[in-house]
Structures are given as structure tokens and as C-alpha cells.
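Colleague: Here you go, one structure.
The values are calculated or read from the model by the stated rules, or taken from the named source; none is laboratory data. Not measured: the values here are computed from a predicted model. We place every Cβ from the backbone using ideal geometry, glycine too, and count neighbours over all the protein chains shown. Please note that ligands, DNA and RNA were not included when accessible areas were found on the heavy atoms of the full protein model with its side chains. Shrake-Rupley method; radii C 1.70, N 1.55, O 1.52, S 1.80 Å.
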Amino acid sequence: MIKRRRLMRDIGKACSVASWMIAGAGLLTFYLAHTNPLFDHPLRDLRSNLSLVFSLFLTLGAWLNPGRASGARQGRNSAWIGVGVIVATGLAGVAYVAWHASTGDDYIVAAAILLLTIVMAAVAGRFVAKHGTEIGEARFMTTERQ
């Protein structure tokens, strides 16, 4: 039983590593299609298949190796997730604006979004560092006070 568990964990780790390698290949195809329009049509099917395979391997890796996700977060305060959401949303906005940029002014907007993201993440991080223990689930009193 222990050997089977270890085998599943190792396969899960391999799937996780492979998923990020597939993601790198997908980013390379996006880059090639964006920089040279001749590559856009031949790589279109490959890009869609790579995103499907990436999702499959990432899900399989998380399913076969669940201890990594639960054990790694035990000492970490879950209040920091909000800072991660701010950073991820800001970077997605920067990527979207930069991808569709047609003039230099669009890149100024992307830089402004990046600057605001950094400022907001710093403010939220400072708040979490000071009040991290106060952030969490709400607790309601279910009995009346006498």
C-alpha cells in the first residue's frame, strides 16, 4: 500500500512538472504567432490542444498528489490570498492591455496598471501583516446573552 501511494505521488509530481512544461510550450506558440503572423494559422490547433493537455495534466497532478497543496499551507495565513488575487488581477490587466496595444499610449496605460497593482498589493500586504489574525471567517453568536 505504501509503495502504491508513493508511486501515485511520484506520478502526480511528474504530471505537475509536465503541465508547466506544456504551459511553456503554449506560451512559445503564442509568442511565435504574435510576432510572426505566418505562424498564426499553423499553430492555432496546436495552441488549443496544448491548453487542453495542460489542464488535464495539472488536474491529474493535483489529484494524484493532494498532500502538496494541503501540507504546504498549514503554516501560512490564508489572509494573504487577497494579496495574490490583487496581483493576479493586475497582471492579467497588464497582459491584456499590452497584448492589444496599438500605440505607445497603450503601453503607458499598461505601465499605470502595473504601478497601481504594485501599490495596491503593498497596501493590502501591509494591512494583512498588521491585522492578519483578525481576518478570517465570521463567527456569530447563536445564543442570547443574559
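Colleague: Is it the case that Gly67 is under 29 Å from Ser16 (Cα atoms), at pLDDT 90 or above and either not in a loop (DSSP other than H, G, I, E, B) or not aromatic (Phe, Trp, Tyr) (or both)?
Modeller: When the stated conditions are applied, Gly67 does not pass them.
Colleague: Starting from the range 38-63, keep only residues that are open to solvent by less than 60 Å² (accessible area, probe 1.4 Å), then list their pairs with residues that are assigned to a helix (DSSP H, G or I) and of a type in the set (D, E, K, R) whose Cβ atoms are within a distance under 9 Å, requiring at least 6 positions of separation or different chains.
Modeller: Partner pairs satisfying both residue conditions: Gly61/Lys13; Gly61/Arg68.
Colleague: Restricting attention to the range 3-31, report how many residues are free of Cβ contacts under 8 Å to residues at least 12 places away in the same chain, surrounded by 12 or more Cβ atoms within 10 Å (Cβ to Cβ) and among the charged types (D, E, K, R).
Modeller: Of the residues in that region, 1 qualify.
Colleague: Specify the residue that is modelled with the highest pLDDT; the eligible residues are those in the range 70-88 that are open to solvent by 90 Å² or more (accessible area, probe 1.4 Å) and under 17 Å from Met120 (Cα atoms).
Modeller: Ile81
Colleague: List the residue pairs whose Cβ atoms are under 9 Å apart, where the first residue sits in the range 115-141 and is among the β-branched types (Val, Ile, Thr), the second is open to solvent by 60 Å² or more (accessible area, probe 1.4 Å) and modelled with pLDDT of 85 or more, and the two are 6 or more positions apart or on different chains.
Modeller: Partner pairs satisfying both residue conditions: Thr117/Thr89; Thr117/Leu91; Ile135/Phe127.
Colleague: Would you mention how many residues in the range 92-110 are within 18 Å of the chain's Cα centre (by Cα) and surrounded by 14 or more Cβ atoms within 10 Å (Cβ to Cβ)?
Modeller: Summing the residues that are within 18 Å of the chain's Cα centre (by Cα) and surrounded by 14 or more Cβ atoms within 10 Å (Cβ to Cβ) in the range 92-110 gives 2.
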